[in-house]
Amino acid sequence: MAERMLKFVGTPQAMPDKRPAAERRRDFDEIYEGFAKEKAAEQAARCSQCGVPFCQIHCPLHNNIPDWLKLTAEGRLEEAYELSSATNNFPEICGRICPQDRLCEGNCVIEKGFEAVTIGSVEKYITDTAWQRDWVKPILPRRERSESVGIVGAGPAGLAAAEQLRRKGYQVAIYDRYDRVGGLLIYGIPNFKLEKEIVQRRETLLRDSKVTFHLNCEVGRDVSLEELRARHGAVLIATGVYKARDIAAPGVGLAGIAPALDYLTASNRQGLGDIVPAFESGMLNAAGKNVVVIGGGDTAMDCVRTAVRQGAKSVKCLYRRDRANMPGSQREVKHAEEEGVDFVWLAAPQAFLGTETVSHVRTVRIHLGMPDASGRQTPQEIPNSHVNIEADLVLMALGFDPEDLPAAMSAPDLGVTGWNTLKIDWKSMMTSLDGVFAAGDIVRGASLVVWAVRDGRDAAERIHSYLTTKTLAAQRIAAE
Ligand code: FAD
Ligand code: SF4
Ligand code: SF4
């Protein structure tokens with residue numbers, strides 16, 4: 001092993017080639033090329049095969065990273081794929097969009113001094129290769145079970161749970177209010193981070209594995225939660241969080257101010273070939289406009305980079321803290337800066353100016369004061385520091401909260417937390433309703449794809465235990 005691995009001293013870190021910013025600005029294609037075989041093996045061989053792999057500990061899925069890196073370095077890609085897909089339902093998706101700098105790579109032992117192993121890119125390479133070589137096959141359970149599970153939400157949490165349950169032979173039906181499968185993978189995250197075909201081939205795989213989809217079907221409107229409980233042995237709620245946070249500032253109702261997700265959904269739909277009136281009319285289209293995005297998370301980064309690609313005249317990102325304290329990935333900020341986005345750190349909106357349509361954002365400079373109870377420095381306005389920034393389109397990317405699900409689903413007994421996320425028993429993952437489980441953002445609040453996958457997998461395990469116990473009890477009663 002030693003000859004092949006531990007190459008981090010002599011081999012510098014290399015990401016796959018990144019397309020030049022000038023080229024990227026003109027299209028919505030992914031920005032990284034794939035690794036070539038030799039490059040993937042070379043980069044995987046930088047791993048020092050730690051006895052205590054911090055990368056694995058800090059991956060929410062506890063992926064067996066050192067082992068699949070070693071197999072990649074040795075050219076044993078089919079085995080690397082088997083290992084990688086044993087713990088992750090969507091390794092090629094996580095490899096593309098996990099904030100690795102905060103998870104596996106940020107905790108790679110060689111990061112101090114030698115720069116981390118490029119774990120995400122190797123993970124993506126392994127599974128992209130598996131797809132190319134036809135190693136990814138539909139699920140054929142060893143035995144079919146008669147019990148069925150209804151899953152509400154076709155985002156990563158629901159899809160991961162569906163795959164795991166299908167592996168165990170359950171009959172799985174997924175209900176989603178959207179017309180497409182994927183949740184935020186399809187309508188939130190832009191193509192330049194995750195090309196839509198990558199999500200769609202997963203959908204095809206699940207359909208080929210006999211998972212049933214009921215699209216354009218909103219639970220609470222087209223079918224009730226009670227009906228699903230009667231129809232299925234267990235129900236999983238994986239509906240995500242969609243209520244956009246707002247700010248109370250004068251002028252916030254002017255035309256030209258829109259929630260970030262409406263804007264990104266319109267762009268994604270347009271890219272998928274849909275006719276999107278709000279895009280056609282220019283309402284949700286940045287072409288030729290001065291765009292100001294408010295926020296510092298992943299959603300804000302996706303908005304600024306989408307606006308650049310739509311041909312905005314200027315794109316500014318307004319964030320009330322500084323670069324070091326922003327929630328978004330540093331890698332994304334770097335991409336955005338390369339693509340021409342102007343970051344206005346330590347600035348907050350005070351008012352939106354204009355007659356009917358917004359023309360300027362009135363901003364105030366911020367000073368970071370003493371840390372609050374959470375340890376974060378408190379933003380404080382600096383008196384008389386106003387600046388007006390020209391804006392024809394303002395996008396609010398201030399985060400998301402859950403909708404009132406008990407009301408939306410006419411299920412008053414469905415327990416929620418103080419934040420309106422679904423309350424579950426973390427051991428059983430069951431909500432306050434018997435046989436109704438929950439996973440993903442609707443439990444955690446806005447989080448990450450990799451956590452949604454983890455929760456979906458865990459929920460599938462708990463549903464399996466629940467249904468097994470229920471079936472055994474029913475058999476015992478029948479035998480008595
Ligand atoms: P979702 O993906 O939100 O899926 C929920 C599904 O439930 C949706 O399809 C919805 O239509 C459906 N649904 C809701 N209510 C009902 C109902 N009543 N009946 C039927 N169906 C219903 N994470 C990362 O790891 N990396 C990133 O780069 C990243 N970028 C992001 C960019 C944006 C713009 C956003 C908004 C989020 C981003 N995230 C990112 C976060 C990530 O997308 C989410 O954490 C993840 O998708 C949550 O998965 P989920 O399955 O819980 O919910
Ligand atoms: Fe890293 Fe995400 Fe892959 Fe885990 S799933 S190894 S955190 S890229
Ligand atoms: Fe390899 Fe880094 Fe993980 Fe150690 S922490 S096993 S060097 S990838």
Ranked output for segments 351-360, 115-124 by mean other Cβ atoms within 10 Å, highest leading, reads 115-124, 351-360
Sorted list, accessible surface of protein heavy atoms, 1.4 Å probe, largest first, for Lys18, Lys137, Lys313 is Lys313, Lys137, Lys18
By the C-alpha gyration tensor axes a ≥ b ≥ c (rounded if a/c is under 1.5, else prolate when a/b exceeds b/c, else oblate), the shape of the range 2-132 is rounded
Ranking Val252, Leu159, Gly183 by how far each Cα lies towards the positive end of the charge dipole of the range 131-270 (+1 on Lys and Arg Cβ, -1 on Asp and Glu Cβ), the top one is Leu159
For Ile382 and Asp17, extending 7 Å from Cα along the Cα-Cβ vector and measuring point to point gives, in nm, a value of 4.4 nm
Residue-normalised value, i.e. accessible area per residue, for the chain at 1.4 Å probe, in Å², stands at 44 Å²
Magnitude of the Cβ-charge dipole (Lys and Arg +1, Asp and Glu -1) of the range 246-377 about the Cα centre, nearest 20 debye, reported as 360 debye
Subtracting the Cα-Cα distance of Ser146 and Gln132 from 0.36 nm times their residue separation yields 1.6 nm
Under the Karplus relation with 6.51, -1.76 and 1.60 and θ = phi - 60°, whole-Hz ³J(HN,Hα) for the range 185-196, x at Gly and Pro, equal 5, 9, 9, x, 6, x, 4, 6, 9, 8, 5, 4
Lys and Arg at +1, Asp and Glu at -1: neighbours of Gln330 with Cβ under 10 Å from its Cβ sum to +2
Under the Karplus relation with 6.51, -1.76 and 1.60 and θ = phi - 60°, whole-Hz ³J(HN,Hα) for the range 382-392, x at Gly and Pro, equal 8, x, 6, 10, 6, 9, 9, 10, 5, 8, 9
Long-range amide H partners of Ala351, meaning residues 5 or more apart or on another chain whose placed amide H is closer than 5 Å, are Arg362
Judged on accessible area alone, 1.4 Å probe, highest first, Arg19, Arg142, Arg102, Arg476 line up as Arg142, Arg476, Arg102, Arg19
Given unit charges at Cβ for Lys, Arg (+) and Asp, Glu (-), the dipole magnitude of the range 118-199 about its Cα centre in debye, nearest 20, is 280 debye
Share (percent) of C-alpha pair distances in the range 247-397 greater than 21 Å works out to 43 percent
Of every hundred units of 1.4 Å-probe accessible area on the chain, the number belonging to carbon and sulfur atoms, as a percent, is 51 percent
Distance in Å, no decimals, from the C-alpha centre of the range 424-472 to the one of the range 310-386 is 37 Å
Simple SL model, points at 7 angstrom along Cα→Cβ for Arg207 and Glu356; separation in nm is 4.4 nm
For the Ala278, Lys334 Cβ pair and Förster radius 22 Å, calculated FRET efficiency rounded to 0.05 is 0.10
A correct Kirkwood calculation over the Cα atoms of the chain returns a hydrodynamic radius in Å of 24.0 Å
Once phi for every residue in the range 254-264 is put through the Karplus expression 6.51 cos²θ - 1.76 cosθ + 1.60 (θ = phi - 60°), the whole-Hz ³J(HN,Hα) values, with Gly and Pro written as x, are 4, 5, x, 10, 9, x, 4, 5, 4, 5, 5
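The values are calculated or read from the model by the stated rules, or taken from the named source; none is laboratory data. It should be emphasised that the depicted structure is a prediction, and the values quoted were computed from it without experimental measurement. For neighbour counting, all protein chains shown are included, and Cβ atoms are generated from backbone atoms with ideal geometry for every residue, glycine included. Surface accessibility is based on the protein's heavy atoms, side chains included, excluding ligands, DNA and RNA. Shrake-Rupley method; radii C 1.70, N 1.55, O 1.52, S 1.80 Å.
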